[in-house]
Every structure is written in structure tokens, then in C-alpha cells.
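*Asks:* Input: one structure, supplied below.
Every number here is computed from the coordinates shown, using simple stated rules; none is lab data. Since the model is a prediction, treat every value here as computed from it, not as a measurement. With ideal geometry, Cβ positions are generated from the backbone for all residues, glycine too; neighbour counts draw on all protein chains shown.
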Amino acid sequence: MGPYLLALDQGTTSSRAILFDREQRICAISQKEFTQFYPREGWVEHDAMEIWSTQYGVMMEAIAQSGAAAGEIAAIGITNQRETTILWDRETGRPIHNAIVWQCRRTAPLVDGLLERGLGPYIQTTTGLVPDAYFSATKIKWLLDHVEGARDLARQGRLCFGTVDAWLLWKLTGGAVHATDYTNASRTMLYDIRRLRWDQRLLDELDIPKGILPEVRPSSGIYGYTDIQGEKVPIAGIAGDQQAALFGQTCFEPGDAKNTYGTGCFLLLNTGAVPCESKNGLITTIAVGLEEGVQYALEGSVFVGGAVIQWLRDELRFLDESRDAEYYAQKVPDTGGVYLVPAFTGLGAPYWDMYARGCMVGLTRGTRREHIIRAAQESIAYQVADLARAMEGDTGLPLSQLRADGGASRDGFLMQFQADILGRPVHRPVIRETTALGTAYLAGLAVGVWRDRAELKQLWREDRAFVPAMAEDRRSALFAGWHRAVGHSRGWAAPQGGGEFGQQ
């Protein structure tokens, strides 16, 4: 047996480890949840030591499950929740505060300050990102400003900053390596994605000393070694979770795209060697960094994807289990003219309306539960199609196809409707653990388990292709109805001059 590739998939709520063989078969999988801390409203933290202990634990559990010897593991790849920020002491190896999680909104006033100083266009042009508390930069400043002694430690050269990948790499190598990869660096709001270097102006504006930052390296390459059962195993691949999924879906060419169907949806489109600045509020990010250079991507997110089905299940009690939505949606030939816009927390790209709220239109006396369930299913596909159209408008690149992963991609009705409303084929892979697979691919390339990306393309196996079967006039009419429905949801919660409605 062997060689094996060990993928460490460190997520927002759990740490996972998956062992793949050379044919990308899953040989073992282990997962452990960890604690979420909410110190105040809008604040989210993790214990970085618990992240490390759970990740190390599931790594050893997966190896034990498989019966593989450490010497049979060719390399380790790391993929991670992005933007989450950790500062630790080089000498003690311990964090100086809990990790500030990507979801945390505590640094929104710091972002407002940057915008007030007119830095918005500079940030977007330099980093590719829309200025937001989501990203790491203002989280670092908050920690330096609020943790007692942090700035003194930084001045002494004792402090390290890292996103979760860099923290795990540091721990796995016993403190020998302080590095990150291009994809994670591009999510900090401190990295110049064109010049491929930390941006001194942004560091100065936020009073962040450059010495605390990790070295930035290609996503595929040997970073260092960890000791497993007396064997030195190379850590040879790192990528943020959504970029790893793009790579795991073998979206290597400009125009290739993948969508992850989870609670929300993440659509990434490979734009090739040149970054594309969006006119539709999409994020420009580094898709992957290899020895031969970097590739860029446009990224858009749907706030409420699979969560609309959870809402039908938990709040409306229309379903016993989420997977039942596929069955009920197919009990009716269409929605009976019903549209559901799940703008429960506003609308993201391409609308960017924080005052939008969910709405349902087109109800008649004949509307049944099945019509509403089908409308909810279709709303996920419409939102993804909106992102795809925005991306095509930004790049001028026609979307060649869409590759689907994530929990809701198992839903055949949703995947077929997605293909119909996009007018593009949707391809679902056999292995839907594409995030872990992507970092296994990156690690395997670095140590010669696979020769090149052409070999990986041959390895990718399709479970099912969903081919568009809808007439163009029908597609256009449905899309027009969707956009009318979105129009009714927009601005609903905006302040109304002191009236009852719209008060926050």
C-alpha cells in the first residue's frame, strides 16, 4: 500500500484529518468539534491551543484507523478556515489571546476608520478585497492594541502572527517554520496580490510591525517536517479552504469554476495569470501559488444557501430532514409562480443591500407546501447564477462549466435546476471532500506522488453531469421573475424616517 497523502482540514467548527491514497481513495477519516466562544454580541473566538490539540488528535486517529505506517505517508497538506487570526509568543509557543475568528465583527470601527481616511480604493486595488472586518488586518491591530504587553513583545521580535495554517505549521514543525502560502496571505488585507509582498503602506496605516508576519511561499512545496512515530514527514501543501476546493475540483484553466453548496455558497472562478478587478463587488483573490507563478480567482458568496432549507425544516416545520426537500420539490411541475428570496441577513453580490430582507411573492389560494419548498430550492440556484453572470460580466470569460461540491450538491433536483438556469453543465465529483483533496493534491505534487496537473485532471472522477434541458425563453422568463422578486426584497429594512418599519 501507499504512498498516502494526509490532509489536515481545519474548519470553523471542527478539525478533520483525511488519509488519501494515490488513486484519491479515502482510506481513513477522523473529525472532532471544538469550542466556539462568544464573549460579546458579534464577537467570535477560538482557543488556538484547542485547535492544535484537536487537529493533532484527529491526525493521529486517522493514521491509526488506516493501519498505515508513518513511513508510508508521502506528505501532509493543510487547508484551513481563512482570515482567523492568531498571535503567539515565539519563545513559549503559546498564543497571547484567543484566536479572533473570521466571523467576528469587533473590528468594524477600525475598518470605518480606514474608509474615512480614504483608503478604500487603495485597499481594493492592492489586496483585491472589499474593506471589511472579515479579513485579518484589523484583527491583528485589535490584538496589538488590546492585549497587555503585545506591542512590547512585538518590538522585542518575540511575536508571531499567523492564520490557522501558519499556526498549525509552526506547531507541527516544533517552531522551526513560520510561513504561510499565497492563498492565505491574500486574505489578510495586508498583502499586495500583484507584487506578491506584504504592503508597507497598509502595515504603517494599521501600525503593524512587519517582523511579526510569516514568510509567504507557494501553495505546493516542502515547508518543513513533522515527527510522526519517529519518521520525518514533509508538510508540502497549504491552501485556504475555498481555494483548496477549487484546486481539488481541478479548476486549473481560466473560466473553470466551482461552487460549494453549504450553509451559504462560495463560487470561485479561475481568471488565470492576471487579477481581475470586479465592478460587481466580488473579491479578487489568489487561487493558487505554484513555483511557476500564481493564478487568480474571482470569489462571490451567497449568504443563505442550504440555510434556507434548514429554515423550512426548523422554523416552518415543512420538513423532517433537509434531504426531504429534493423529494417534495419534484412533487410539483413548477413553483406555481412562487418565488422565495432568502435575504434573511441582506443580499450580497451583486446587490450588496444590507437592508434587503426575505420575501415570498406569487402566492395564490392554490399554493401548497411543495411549491414553497421548490421555490426555496430554486432560490439557491438563482443566487449562484447571479454570481456567475456577474463574474462573466467582470471577466468577459464565458463560464465553461460549473463543478459542484458541498453537502447540498447531493440534491439531484437542485443540481439539475442549477444547470438549467445557468445554461451550463454542472459536474458533481465522486469525491465531494474536495477541500481536503485539494490540499492532498498540492502536497502530492510537491513530493512527486503525481507528476503534474494534467495527471490530476485524469484522476478527477465524475459522479454525474447535469446537462441544461431548459429552453432559452423559459430560462429568461424565470430569471426575469426572480429579479422582480429580488426587487421587492430590497431596502425593506431601511430606516423610514422614524416610522414603525425599518427600525433596527
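*Asks:* Normalised by the residues of the chain, what does the relative contact order come to in percent, with Cα pairs under 8 Å and at least six apart?
*Replies:* Relative CO of the chain lands at 14 percent.
*Asks:* At most 13 other Cβ atoms within 10 Å and a DSSP loop assignment: could you name the trypsin sites (Lys or Arg not before Pro) in the stretch 92-132 that fit? The partial results should precede the final answer.
*Replies:* Details: sites: R105, R106, R117; in loops: R105, R106, R117.
Counting only loop positions with at most 13 other Cβ atoms within 10 Å, the trypsin sites (Lys or Arg not before Pro) in the stretch 92-132 are R117.
*Asks:* Can you work out the Karplus-derived ³J(HN,Hα) for every residue in the stretch 272-284? Use 6.51 cos²θ - 1.76 cosθ + 1.60 with θ = phi - 60°, whole Hz, and x for glycine or proline.
*Replies:* Listing the rounded values in order: x, 7, 10, x, 10, 7, 7, 9, 10, x, 7, 9, 9 Hz.
*Asks:* Suppose we look only past 42 Å in the calculated P(r) of the chain. What percent of the Cα-Cα pairs does that tail hold?
*Replies:* In whole percent, the long-distance tail amounts to 17.
*Asks:* Just how far, in whole angstrom, is the stretch 410-457 from the stretch 240-257 if you go by their alpha carbon centroids?
*Replies:* 8
*Asks:* Hey, another quick one. Starting from the Cα gyration tensor of the stretch 354-448, multiply each eigenvalue by 5, take the square root, and state the resulting semi-axes largest first in whole Å.
*Replies:* In descending order, the three semi-axes are 32, 18, 13 Å.
*Asks:* Using a Förster radius of 35 Å, what is the FRET efficiency between R22 and D320 based on their Cβ-Cβ separation? Nearest 0.05, please.
*Replies:* Efficiency, rounded to the nearest 0.05: 0.30.
*Asks:* Filter the cross-link list K171/K279; K141/K279; K141/K232; K331/K457; K139/K171; K171/K457 down to pairs whose alpha-carbon distance in this structure exceeds 31 Å. Display every interim value, and only then the final one.
*Replies:* Values: K171/K279 40 Å; K141/K279 29 Å; K141/K232 36 Å; K331/K457 38 Å; K139/K171 21 Å; K171/K457 33 Å.
Pairs exceeding the cut-off: K171/K279; K141/K232; K331/K457; K171/K457.
*Asks:* Counting only helical runs of four or more DSSP H residues, what would the 222 nm mean residue ellipticity of the chain come to if each run contributes -39,500 (n - 2.57) and the total is spread over all its residues?
*Replies:* So the calculated ellipticity at 222 nm is -10500 deg cm²/dmol.
*Asks:* Report, to the nearest 10°, how far helix 136-146 tilts away from the longest principal axis of the Cα atoms in the chain, using its own Cα long axis and a range of 0 to 90°.
*Replies:* Value to nearest ten degrees: 60.
*Asks:* I'd like the antiparallel share, as a percent to the nearest 5, of DSSP beta bridges with both residues in the stretch 4-217. It would help to have the intermediate numbers written out before the result.
*Replies:* Numbers: 25 of 35 bridges.
Taking every DSSP beta bridge with both residues in the stretch 4-217, the antiparallel ones total about 70 percent.
*Asks:* Once you place label points 7 Å from the Cα toward the Cβ at E392 and R194, how far apart are they in nm?
*Replies:* About 2.8 nm separates the two model spin labels.
*Asks:* Looking only at Cα atoms, what is the convex hull volume of the stretch 238-380 per residue, in Å³?
*Replies:* Spelled out: Cα convex hull of the stretch 238-380, divided by residues, is 134 Å³.
*Asks:* Would you pull out the residues with amide H under 5 Å of C27's amide H, same chain only if 5 or more places away, H placed 1.01 Å from N?
*Replies:* Under 5 Å from the amide H of C27 lie the amide H atoms of L19, F20, D21, each far enough along the sequence or on another chain.
*Asks:* Next question. In square nanometres, what is the average projected area of the Cα convex hull of the stretch 4-217?
*Replies:* Details: hull surface 49.0 nm².
Taking the Cα atoms of the stretch 4-217, their convex hull projects to 12.3 nm² on average.
*Asks:* Modelled label-to-label distance, D207 and D152, 7 Å Cα→beta-carbon offset: nm?
*Replies:* Distance between the two pseudo-spin positions: 1.7 nm.
*Asks:* I would also like to ask the following. Rounded to the nearest 0.05, what FRET efficiency do Q458 and V274 give with R0 = 25 Å and r taken as the Cβ-Cβ distance? Could you check?
*Replies:* Working from the Cβ atoms, E equals 0.35.
*Asks:* OK, next. Distance from the Cα centre of the stretch 129-187 to that of the stretch 52-96, in angstrom?
*Replies:* Cα centres, the stretch 129-187 to the stretch 52-96: 17 Å.
*Asks:* Within the stretch 1-38, which trypsin sites (Lys or Arg not before Pro) sit in a loop by DSSP and count at most 13 neighbouring Cβ atoms inside 10 Å?
*Replies:* Passing sites in the stretch 1-38 are R25.
*Asks:* Can you pull out the trypsin sites (Lys or Arg not before Pro) in the stretch 335-375 that DSSP calls coil and that have at most 12 other Cβ atoms within 10 Å?
*Replies:* Answer by residue number: R365.
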